[in-house]
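Q: Following this message is one structure expressed as structure tokens.
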Amino acid sequence: MSVSGRLVAVLALGVVPVVLISVLYDEAYLALVGWIAFVVLLVVIDLVAAGSPRRVAVERALPARVRLGETVTSTLYLTNTGSRTLRGVVRDAWQPSAGPATARSRVAIPRGERRAVTIALTPFRRGERRTERVTIRSFGPLGLAARQATLRAEGHIRVLPPFNARKHLPSRLARLRELDGRASVMIRGQGTEFDSLREYVRGDDVRSIDWRATARHSDVMVRTWRPERDRRVVIVIDTGRTQAARIDDEPRIDTAFESALLLAALATRAGDRVDLILYDRRLRGRVHGASGPELLSRMVDVMAPIEPDLIEMDWTAVPGLVRQVTTQRSLVVLATAIDAPGISRELMAIVPQLTRNHMVVVTSVTDPDVAAGVLARGDREEVYRAAAAERALLDVARVTTVLKRFGADVVTGAPADLPPALADRYIALKAAGRL
């Protein structure tokens, strides 16, 4: 049971007659008791006349998935199986991170009828957003008191990464088509495969002339080449404590997800096979053997519930994980943080094992505020902040130098710049025939 503000107002109205009676007849006690008894009687009548909230059947309809930042509708179907009309308030107990537009909705359900209650959800966190109960508060005709019940009505919605980096996909696909020869001339380089023959034009590399084909035709024929297809791209995302840091109001791991999704979309269009590994000290998620539209669908499903664990990343297990995926030469992308030599010591130790058999690219998010802090030196506080920023940039540069010395490539950038930068590096490796 619960009471409304109307009951408080009714009780307050009794102050006037109680005071008058006490002044005129000196019967304040009896007047007070009588008024309270009258109000209690009204409350009892109101509760008896109210529809039973426990006689409401609840059904829920909502989509299974939604991208972060998008809005979907959750619908509750309430069926009144009782003998009285139910007038009241319904509260659907969604998690706050599900972003419900409203917590309470007023309903009026005649007996034997059904009503739909819709709530707009705009989640602002990834993962499984859940609701388990619905609370119904049924008021009587006087509106003084209500009968209340909490009914179990489980529901969940999976909030996927937003994939904002997909806006960079059309321009990168156009560059891939140029490499593939559909929009420009074919290229030749180490690691490319034969495509077709065409007539020689001025400016072609004479080393591409096919003398046997030339002997069979009246014109000089040259071979055309295209980047090799069916290569392997293995993306390893660090889910340890360093990925929990927020840069530009976005966790590092979310930027790693955006970069991985853009690279996967690009690589699968280029005919390569993509595998994803999420790891810290245990395997948190894996996507293997998927291609085409299924690849991105499985990747976002695996990524959605992953949050960084506050433990150190175990890099010694990564070479073994990569060997489980493939033994042929592949592009291995390691998404992690390289802020300081101390936290990157294990990473630097295992990179030579990977570069012996694979092309390795290490990606890391950089804080744009740090780069801006180097230039601000207006007062003493800014000078100290600039010194700290310089120290941070030097640490990143030291780790980058060591990784490059061991044969790895390094891609760094702000959260908005890192995904397209990684895509550009992939295209450059394709063009150079290094995959």
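The values are calculated or read from the model by the stated rules, or taken from the named source; none is laboratory data. Just so we're clear, the structure is a prediction, and the values are computed from it rather than from any experiment. Note that each Cβ is placed from the backbone with ideal geometry, even for glycine, and that neighbours are counted across all protein chains shown. Note: accessible area is taken over every heavy atom of the protein model, side chains too, but ligands, DNA and RNA are not part of it. Shrake-Rupley method; radii C 1.70, N 1.55, O 1.52, S 1.80 Å.
Q: Test of understanding: among 333, 370, 396, which residue is in a helix (DSSP H, G or I), among the β-branched types (Val, Ile, Thr), in contact (Cβ under 8 Å) with a residue 24 or more places away in the chain and under 25 Å from residue 419 (Cβ atoms)? Break it down into steps so the answer makes sense when it comes.
A: Details: 333 fails: in a helix (DSSP H, G or I); 370 fails: in contact (Cβ under 8 Å) with a residue 24 or more places away in the chain.
Within the list 333, 370, 396, the selection yields 396.
Q: Moving on to the next point. Pairs under 9 Å by beta carbon, first residue touching a residue at least 24 places away in the same chain (Cβ under 8 Å) in the range 409-435, partner open to solvent by less than 10 Å² (accessible area, probe 1.4 Å) and aromatic (Phe, Trp, Tyr), six or more apart or different chains?
A: 435/426
Q: Here's something else I'd like to know. With open to solvent by 70 Å² or more (accessible area, probe 1.4 Å) and aliphatic (A, V, I, L, M) as the only criterion, which of 116, 101 stands out?
A: None of the others qualify; the one that does is 101.
Q: Among the residues of the range 87-113, write down those that are in a strand (DSSP E or B) and of a type in the set (A, V, I, L, M, F, W, C).
A: Passing the criteria: 89, 90, 93, 94, 107, 108, 109.
Q: If a residue counts only when it is surrounded by fewer than 15 Cβ atoms within 10 Å (Cβ to Cβ) and in contact (Cβ under 8 Å) with a residue 24 or more places away in the chain, which helices (runs of 4 or more DSSP H) contained entirely in the range 1-86 have at least 2 such residues?
A: Because the criterion is at least 2 residues that are surrounded by fewer than 15 Cβ atoms within 10 Å (Cβ to Cβ) and in contact (Cβ under 8 Å) with a residue 24 or more places away in the chain, the helices (runs of 4 or more DSSP H) in the range 1-86 that meet it are 5-13, 28-49.
Q: Search the range 301-320 for residues being of a type outside the set (A, V, I, L, M, F, W, C) and within 13 Å of the chain's Cα centre (by Cα), and hand back the single one that is surrounded by the most Cβ atoms within 10 Å (Cβ to Cβ).
A: Filtering the range 301-320 for residues that are of a type outside the set (A, V, I, L, M, F, W, C) and within 13 Å of the chain's Cα centre (by Cα), the one surrounded by the most Cβ atoms within 10 Å (Cβ to Cβ) comes out as 308.
Q: Just to verify a result, which residue in the range 248-300, among those that are surrounded by fewer than 24 Cβ atoms within 10 Å (Cβ to Cβ) and among the hydroxyl-bearing types (Ser, Thr, Tyr), is modelled with the highest pLDDT?
A: Checked the range 248-300; the qualifying residue modelled with the highest pLDDT is 279.
Q: Taking the conditions exactly as written (charged (D, E, K, R), closer than 24 Å to residue 281 by Cα, open to solvent by 10 Å² or more (accessible area, probe 1.4 Å) and without any contact (Cβ under 8 Å) to a residue 60 or more places away in the chain), does residue 323 satisfy them or not?
A: Yes; evaluated as a whole, the condition is true for this residue.
Q: Name the single residue that is modelled with the highest pLDDT among those in the range 213-247 being part of a helix (DSSP H, G or I) and open to solvent by less than 10 Å² (accessible area, probe 1.4 Å).
A: 243
Q: For residue 371, work out the one condition from (1) within 20 Å of residue 414 (Cα to Cα); (2) touching a helix residue (DSSP H, G or I) at 6+ places or on another chain (Cβ under 6 Å); (3) of a type in the set (A, V, I, L, M, F, W, C) it doesn't fulfil.
A: Of (1) within 20 Å of residue 414 (Cα to Cα); (2) touching a helix residue (DSSP H, G or I) at 6+ places or on another chain (Cβ under 6 Å); (3) of a type in the set (A, V, I, L, M, F, W, C), only one is false for residue 371: (2).
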